[in-house]
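Before any comments, here is the structure.
The values are calculated or read from the model by the stated rules, or taken from the named source; none is laboratory data. Here the structure is a predicted model, which is why all the values come from computation and not from measurement. All Cβ positions, glycine included, derive from the backbone under ideal geometry; neighbour counts span all protein chains shown. For accessibility, only protein heavy atoms count, side chains too; no ligands or nucleic acids. Shrake-Rupley method; radii C 1.70, N 1.55, O 1.52, S 1.80 Å.
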Amino acid sequence: MRHLFIITTIAATLALITACSSDSTTETETAVTTDADTTAVFIMQLQRCSKLYTAEYDIHKIVTHSDEKRLKGKIFNRDFDVKMPLGDRKIAIPIDVKLKAYIDFADFSEANVVRSGEKIEVFLPDPHVVLTSSKVNHDDIREYVDFTRSRFSDAELTDYERQGREAVIKSIPQLGILHTAQQNAAQVIVPMVVKMGYKEENITVTFRKDYRWQVEMVKD
């Protein structure tokens with residue numbers, strides 16, 4: 001079984017601040033421009049966001065499989081392994097997989113914000129990855145079967161699709177979606193902190209370097 005990545009496209013989805021809290025713009029702006037605790041307002045905004053989706057990858061992948069009939073045995077105490085003629089089966093299955101990454105702010109709190117004079121550091125939660133869909137393009141499946149062999153069964157095709165999804169999941173660290181999610185989340189957070197009165201050069205957005213990621217299986 002081989003898994004061929006043909007093309008990977010990246011679509012970074014940056015949620016607007018107003019999308020997190022469309023009904024509270026006036027209230028928030030008033031709070032920021034008064035002596036109220038702007039950190040509390042900032043935290044409240046992010047908690048309203050809940051899941052902030054910051055990256056989306058559409059992956060087109062081809063799963064290939066081939067097998068052949070072989071004759072094995074012993075003759076005069078010698079092992080033999082001979083390929084049988086007209087016994088090949090080959091298949092190439094195109095699979096489209098969609099991955100999305102998000103930051104969950106449900107548990108975001110004052111512990112995630114450190115203020116020191118004119119400087120501020122925001123510690124963001126770990127990114128999550130969701131596999132939202134995977135489908136086989138049945139019209140583009142390419143299959144070769146010698147006349148002595150049976151065609152690939154539906155059960156086999158389903159198993160190859162599962163293997164293709166698993167290969168995509170295993171490759172997530174190499175695809176870069178986690179890093180993209182972090183970078184795009186920072187691009188959303190920094191303007192929010194600027195509205196609190198901080199200069200951009202004094203704002204640091206930090207993620208944990210070592211964290212365990214897992215993939216959620218969610219259908220659109």
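Here are some notes:
- Contact map, the range 97-108: residues that are in contact (Cβ under 8 Å) with a residue 12 or more places away in the chain and farther than 14 Å from T180 by Cβ paired with residues that are part of a strand (DSSP E or B) and open to solvent by less than 50 Å² (accessible area, probe 1.4 Å), Cβ distance under 6 Å, separation 6+ or inter-chain. Pairs shown: V97/I59; V97/S134; K98/T132; K98/S133.
- Residue list for the range 100-158, filter: of a type in the set (V, I, T) and either over 15 Å from I189 (Cβ atoms) or surrounded by fewer than 15 Cβ atoms within 10 Å (Cβ to Cβ) (or both): V114, V129, V130, T132, V136, I141, V145, T148, T158
- Qualifying residue in the range 199-210 (condition: at pLDDT below 90 and of a type in the set (S, T, Y)): no
- The set of residues in the range 183-216 that are in a helix (DSSP H, G or I), in contact with a Leu (Cβ under 9 Å, 6 or more places away or on another chain) and open to solvent by 30 Å² or more (accessible area, probe 1.4 Å) contains only Q187.
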